[in-house]
Amino acid sequence: MSLLVIGTVAFDAIETPFGKTDKIIGGAAPYISLAASYFTPNINLVAVVGDDFPQNYIELLQNHGVNTEGLQIKKGEKSFFWAGKYHEDLNSRDTLVTELNVLADFDPIIPKSYQDCKVVMLGNLTPTIQRTVIERMERRPQLIVMDTMNFWMNIAWDELMKTISMVDVLSINDSEARQLSGEYSLVKAANKILKMGPKYLIIKKGEHGALLFGEEQMFFAPALPLEEVFDPTGAGDTFAGGFVGYLCKSEIINFGAMKRAVIYGSTLGSFCVEKFGTTGIINLSATQVEERAKKFMDLVSVSW
């Protein structure tokens, strides 16, 4: 059984206090797919780029086991481009450039070979596109995971509510959870959001870890203290990729499995922020991933 990833494939130009890049591979889908590749060999990508997107970036994904049959390449058009500059604390940033280009009229076409999937990961796109993907599945996957952001809460509330009601897991950050629910307490926020349809909710807190809610239970995973953090771009998508990748290989998907998936998502996210762009999550070894995951587990392990 496979993982279906829907999301943006783009160019990013990133500036942090530690340096800057020219255009590099970015967008939600590469981070999700690369992170997931450490747990499942069957990753199917649906996205769109222009013919300016380099073949070596596509080969990078393919070399990590990503099936790019569903990657549309629009001739004579440009790929989505985002440029941003992070502040000194790396917790806030300014968007300098956003060029939708091919993303402006993206129609997610799902190849026939992608239909037999266990998990669908809906990267941050318009709620309408996300819902279209769900409706185009010939049978419902075992798990549908959705990422979204406050931008859609501001401009597409009704569409967002429709899509949220159709998914199994919603992944958002703490400020988005508060905006979505109208509650400051994250526990109260989670209770309200779970009544909107999802069975599980992940609330990401950046450098302060992540919360998981569902089955009338709650779990908290801390962030791993790192000596150096260079670039937080894509950390949330990398977390999502590790999360869904682990669940894709799990025989049973329940709260216990999701707790472990959160740890592995956090593990991959910690590799991501140590280098610019996707560099930190390329060509890791299984030993590196497991040793880093053990550090996460040791953070919360207590002997009585």
**OP:** Return the total of residues in region 220-246 being touching a Leu at 6+ places or on another chain (Cβ under 9 Å), among the aromatic types (Phe, Trp, Tyr) and assigned to a helix (DSSP H, G or I).
**Re:** 2
Subject >> Every residue from region 69-83 that is surrounded by fewer than 19 Cβ atoms within 10 Å (Cβ to Cβ) and in a loop (DSSP other than H, G, I, E, B) >> reply: 75, 76, 77, 78
Subject >> Residue list for region 25-62, filter: farther than 24 Å from residue 108 by Cβ and of a type outside the set (Phe, Trp, Tyr) >> reply: 56
**OP:** Filter region 140-159 down to residues that are more than 29 Å from residue 248 (Cβ to Cβ) and not hydrophobic (A, V, I, L, M, F, W, C), then give me how many there are.
**Re:** 2
Original post:
Of all the residues that make up region 260-304, how many are crowded, with 17+ Cβ neighbours inside 10 Å, of a type in the set (S, T, N, Q) and more than 19 Å from the chain's Cα centre (by Cα)?
Top reply: 0
Original post:
Considering only residues of region 133-168 that are β-branched (Val, Ile, Thr) and touching a Pro at 6+ places or on another chain (Cβ under 6 Å), which is surrounded by the most Cβ atoms within 10 Å (Cβ to Cβ)?
Top reply: 163
**OP:** Write out, first by first residue and then by second, each pair whose Cβ atoms fall under 8 Å of each other, whose residues are 6+ apart or on separate chains, and whose first residue, in region 282-301, is touching a residue at least 12 places away in the same chain (Cβ under 8 Å) and farther than 14 Å from residue 209 by Cα while the second is of a type in the set (Gly, Ala, Ser) and part of a helix (DSSP H, G or I).
**Re:** 292/270
Original post:
Right, residue 49: out of contact with any helix residue (DSSP H, G or I) (no Cβ under 6 Å at 6 or more places or on another chain), of a type in the set (A, V, I, L, M) and in a strand (DSSP E or B) or not?
Top reply: yes
Original post:
Is it the case that region 238-250 has a residue that's surrounded by fewer than 24 Cβ atoms within 10 Å (Cβ to Cβ) and either touching a helix residue (DSSP H, G or I) at 6+ places or on another chain (Cβ under 8 Å) or modelled with pLDDT of 95 or more (or both)?
Top reply: yes
**OP:** Go through 212, 180, 201 for me and flag whichever is without any contact (Cβ under 8 Å) to a residue 40 or more places away in the chain, part of a strand (DSSP E or B) and either among the small types (Gly, Ala, Ser) or surrounded by 17 or more Cβ atoms within 10 Å (Cβ to Cβ) (or both).
**Re:** 201
**OP:** Read through the list (1) under 30 Å from residue 89 (Cβ atoms); (2) of a type in the set (Phe, Trp, Tyr); (3) in contact with a Gly (Cβ under 7 Å, 6 or more places away or on another chain), then give the number of the only condition that residue 18 fails.
**Re:** (3)
Subject >> Filtered residue count, region 8-33, keeping only those that are in contact with a strand residue (DSSP E or B) (Cβ under 8 Å, 6 or more places away or on another chain) and either not in a strand (DSSP E or B) or not aliphatic (A, V, I, L, M) (or both) >> reply: 17
Original post:
Among all residue pairs at least 6 apart or on different chains, which show Cβ distances below 6 Å where the first residue, located in region 230-254, is in contact (Cβ under 8 Å) with a residue 24 or more places away in the chain and the second is among the basic types (Lys, Arg) and surrounded by 24 or more Cβ atoms within 10 Å (Cβ to Cβ)?
Top reply: 236/204
**OP:** For region 267-304, enumerate the residues that are of a type in the set (S, T, N, Q) and part of a loop (DSSP other than H, G, I, E, B).
**Re:** 278, 283, 285, 301, 303
**OP:** State whether one or more residues within region 80-101 are more than 27 Å from residue 175 (Cβ to Cβ), more than 18 Å from the chain's Cα centre (by Cα) and aromatic (Phe, Trp, Tyr).
**Re:** no
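The values are calculated or read from the model by the stated rules, or taken from the named source; none is laboratory data. The shown structure was predicted, so the numbers you read here are calculated from the model rather than taken from an experiment. Neighbour counts run over all protein chains shown; Cβ positions are idealised from the backbone, glycine included.
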